[in-house]
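Some notes on the structure that comes next.
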Amino acid sequence: GVTVMAKAPEQLGAAWYRSFLTPQGKTFYDTLHAQLLWGDHSGRTVFTIKSPHTAARDCFAAYKALQEDHPEFFFLGLRLEFTSDGRNGVLRYPLLYTPSTIRRIQVQLRRCIAHTCAGLAHLDTLQREVSVYTRLARRMVYVNRNNISDHTVVAPVLTASGVCEGQTALLLLCLRHLGIPCVKISGKSKTGRGHCWALVWAGGTPLHCDLTWDAILGKGRRFRYLNRSDAEISSDHFAFPRTAEEFEDPPY
């Protein structure tokens, strides 16, 4: 059975990875989150430091947790620079796109989510989840161009393609749009390669949903990776966290 928290996460899962940060890390996370929500695309955030000796580590963990929780911040890159004078810290993170390009992609993202979720409001939670999953699985194509857009929601939105990270990102945003709690979960495949998928609370307990592998398998068949328990998904998905304690030691 599923041993991850049976209780659905708060904020539809959008603060899941935040919950495993240190108190200072949570403060950094909230500062960065508020700035991005405000539409500040400067790529620079200033923090007030309370624990200098862990400031850099807490800051990097907060940035990564924000990326895991919020796929809508697709413009956050991987290059980070943290400096401090003991009281104040500055994180610099060059964005992947210009502000005008970010706004254009955001419009396309909203359209894609609205299109994917159209006509489902009257259904019950499980039917909404299955409908969104089915629509995406039939549309998505697995493509790895070694471009970061494949690993974010950008390629799935603009070209209906991408790798597991990108496809999972779009699934999360669509499910949350319909009020269904979900989080990104990371593990490994049979070959030992890193892989990610979604953990979804569409019913009483969280179940695994691997959109990427179902999209690859073909369009007209029964889905093998929709709403699988820990035991069921474990036949070919490995090294994923199953308890809250295991989430507290994230793979970054």
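Please report, to one decimal in angstroms, the Kirkwood hydrodynamic radius of the range 104-252 built from all distinct Cα-Cα pairs. Write down the numbers at each step before the final one.
Working: mean 1/r = 0.0644 Å⁻¹.
Taking the inverse mean of 1/r over all distinct Cα pairs, the range 104-252 comes out at 15.5 Å.
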Solvent-accessible area, 1.4 Å probe, carbon plus sulfur percent, for the range 1-101:
56
Using the Cα gyration tensor of the range 137-206, with a ≥ b ≥ c the square roots of its eigenvalues, what is the shape: rounded (a/c below 1.5), prolate (a/b larger than b/c) or oblate (neither)?
oblate
Dimensionless Rg/Rh of the range 73-183, both radii on Cα and Rh by Kirkwood, sits at 1.08
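Taking Cα atoms of the range 21-111, Rg/Rh with Kirkwood Rh, to two decimals?
Values: Rg = 13.3 Å, Rh = 13.5 Å.
Dividing the radius of gyration by the Kirkwood radius yields 0.99.
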Keeping the other protein chains in place, figure out the carbon and sulfur percent of the accessible area of the range 201-247, with a 1.4 Å probe.
54
Surrounding net charge for residue 194, when Lys and Arg each add one and Asp and Glu each subtract one, Cβ distance under 11 Å:
+1
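In Å², and per residue, what accessible area does the chain have when probed at 1.4 Å with the other protein chains present?
Working: 12010 Å² over 252 residues.
Accessible area per residue, the chain: 48 Å².
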Pairs on different chains or at least eight residues apart, Cα atoms closer than 29 Å: how many lysine pairs in the chain fit?
15
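With a cut-off of 8 Å between alpha carbons and a minimum separation of six or more residues, what is the relative contact order of the chain in percent? Numbers along the way, then the final one.
Working: 421 pairs, mean separation 52.4, N = 252.
Relative contact order comes out at 21 percent.
The values are calculated or read from the model by the stated rules, or taken from the named source; none is laboratory data. In this text, all values refer to a predicted model and were calculated from it rather than measured experimentally. Ideal geometry is used to build each Cβ from the backbone, glycine not excepted, and the neighbour counts take in all protein chains shown. Surface accessibility is based on the protein's heavy atoms, side chains included, excluding ligands, DNA and RNA. Shrake-Rupley method; radii C 1.70, N 1.55, O 1.52, S 1.80 Å.
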